1. Quick check: pseudo-label points 7 Å beyond the Cα along Cα→Cβ at residue 340 and residue 475, how many nm apart are they?
2. Keeping all protein chains in place and using 1.4 angstrom, which order do 496, 561, 29 fall into by accessible surface area, from largest down?
3. Straight-line reach from residue 55: which lysines have Cα under 22 Å away, leaving out those fewer than 8 places along the same chain?
4. May I ask you to evaluate 6.51 cos²θ - 1.76 cosθ + 1.60, the Karplus curve with θ = phi - 60°, for each residue of segment 2-10 and list the ³J(HN,Hα) values in order in whole Hz, giving x for glycine and proline?
5. Multiply the residue separation of residue 148 and residue 105 by 0.36 nm, subtract the distance between their alpha-carbon atoms, and state the gained length in nm to one decimal.
6. Could you derive backbone 3J(HN,Hα) for segment 105-110 from the dihedral phi with the Karplus parameters 6.51, -1.76 and 1.60 (θ = phi - 60°), listing whole Hz in sequence and x where the residue is Gly or Pro?
7. What does the net charge come to around residue 445 if you take all other residues with beta carbon closer than 14 Å to its beta carbon, with K and R at +1 and D and E at -1?
8. Only Cα pairs under 8 Å and at least 6 apart count here; give the relative contact order of segment 330-424 as a rounded whole percent.
Amino acid sequence: MFPALANGLVVFRNSRDGGLSMMDLRIGRSWPLVRLGGTNAVDWFVFNGSHVLWKQRYGSGERQYLILDVIQPFAEQVELTPMTVWNREYSVMAIGDTQAVFVVDEDGMPAVKGVELSTGRVYEVNVPAGNIVGFSGDRLVLVMEDGSVSFVELPVPQGDPEGESPGDESPGGESPGDESPGSESPGEESPGGESPGEESPGDESPGVGSPGDGSPGGESPGGGSPGGGLPGGDNPSEGTGINGEDVGDSSETEIRERIGPEGGELSGEDGQARLRIATGTFAAETEVKLEKVQADAYETIDSNGRKLEAHEVWHVSAGTAFDRSAELALGYASRPDWHEVREKLGIYAYDEASGRWTYIGGITGREEGFVHAEIQRPGLYAVMLREVTFPDIESHWARQAVETLAARGIVDGKAGGSFDPNGLLTRAEFAKLLVMALGLEVESSAPSPFADVSDGAWYVSAVKAASEAGLVTGDSGRFRPEEPMTREQMAAVLVRAVGMRGGDVEEGADLSGFRDAASVSGWAREAISRAVGLKLIEGSGDALHPQGTTTRAQAAVVIYRLLDRLNLL
């Protein structure tokens, strides 16, 4: 497949997972659009500068057509057809300004389907499938048997002025015959890879979130409470800010909306802050306010006293508490230097009691120039950069992964400021790392589920959270927290984590190419196969070393890969 270029954007199939990525030629940055893995892949696709239409192949043999708006924030994939095993496959697909067409098998015959790009509505198109060559605007172009060219007018989408189409001129990303636009990108950067010229210990994983010195350390990532917020807890008063300051007086931009039980969205006038309120967040109509406030009024340090580099500060307020989490997206368009370190960025919440900022999450790959996170309550929020490094990883193959996880508060160093990348990781430390990465919290006050995990142990909360989530099971009522984490044990936990988050874990890799495949324990064989298929772990050369121990650097790299697989980076 060849890349498709339109309006300065290039969509291509990436070789890492068979999905689709997009590059903005104006800034030279690329990011994933469709993440797959295993034996799932994009068969072919077309692109017009605003929408991409593709045919997706699943390892089960089923196929499906989908479409995605690549311009609109928060856009989600729209399924145009159900997953189906067709008797015959067709490679005819074309896209215009506001319409597209594709061909499916119906009772052994080709059937042409049209789709409105803005709504995803699919309709019948009564033209011969083999005659389609592309679009001119929204007119379907056909080549007839006598060589003449014919045009077919397709319906104007509802809500659009007649004869006009949204967006810019379409490049005609049609896919005649067998060929279709799109292709593997030879230069796609793969996160978490080993450094060339240095032997990698195998299933390396970015950074390691183990306490090391016996203390859990680090902030709680993802979905958790900001740890304080504004006065009044879940129901702050609108006019009060940090340390008693009047937020309203320092407001630079303010947006107010009344949001009912059906939910809604607020957006700052410059588009650099958006708040999506989910259905059911409020029982009755409630005023919600999103305002930009002066950033220099607050000291920018985290809960461990480390310096943070801050961008704009936004105040979220509401007349009542949130019954569900809300999605906050904050931009950093005025900081082009941050694009190179975007995976280290996060959204932080201000804790008035301590005067510190706490990391609450940071999905940076969903939308270029924005960081997304779920918030649980009103408060003050900002995109911030926390640069953390360690002297003993400056030339290490796992440096990128370790520093990324450290910036997100998932891993920390040892006493003295080192990371100890070659130190062995215990089962308790891996549980702590996994819980921090996924933002899990203990959901019950029940005693420890394992006889050898005491209620006073530093890792008890992590082990309980991992157990409640079904990620760790122990053996005969014991967890063996201080024993080293083996590679096959780690593979099993990683595959469970993908399944817990709704990822595809059905397809496994063929292990026959590894010389020690026969030494994989019977209970771990399926997990190892799936972890290799998901590209969460790799062998060291031609060996898996399933009973081998795991270093802190290796564990960090696989956690980095897990977050990437789950679209959490």
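1. Once both label points are built, they end up 4.8 nm from each other.
2. 496, 29, 561
3. 113
4. Taking θ as phi minus 60°, the curve returns 9, x, 10, 10, 7, 6, x, 10, 10 Hz for segment 2-10.
5. Once the chain is fully extended between residue 148 and residue 105, it gains 12.8 nm.
6. 8, 10, 6, x, 10, x
7. After counting each charged neighbour, the total is -3.
8. Relative contact order here is 27 percent.
The values are calculated or read from the model by the stated rules, or taken from the named source; none is laboratory data. Because the structure is predicted, anything quoted here is derived from the model rather than measured. Positions of Cβ are backbone-derived with ideal geometry, glycine not excepted, and every protein chain shown enters the neighbour counts. What goes into the accessible areas is simple: the full protein's heavy atoms, side chains included, and nothing from ligands, DNA or RNA. Shrake-Rupley method; radii C 1.70, N 1.55, O 1.52, S 1.80 Å.
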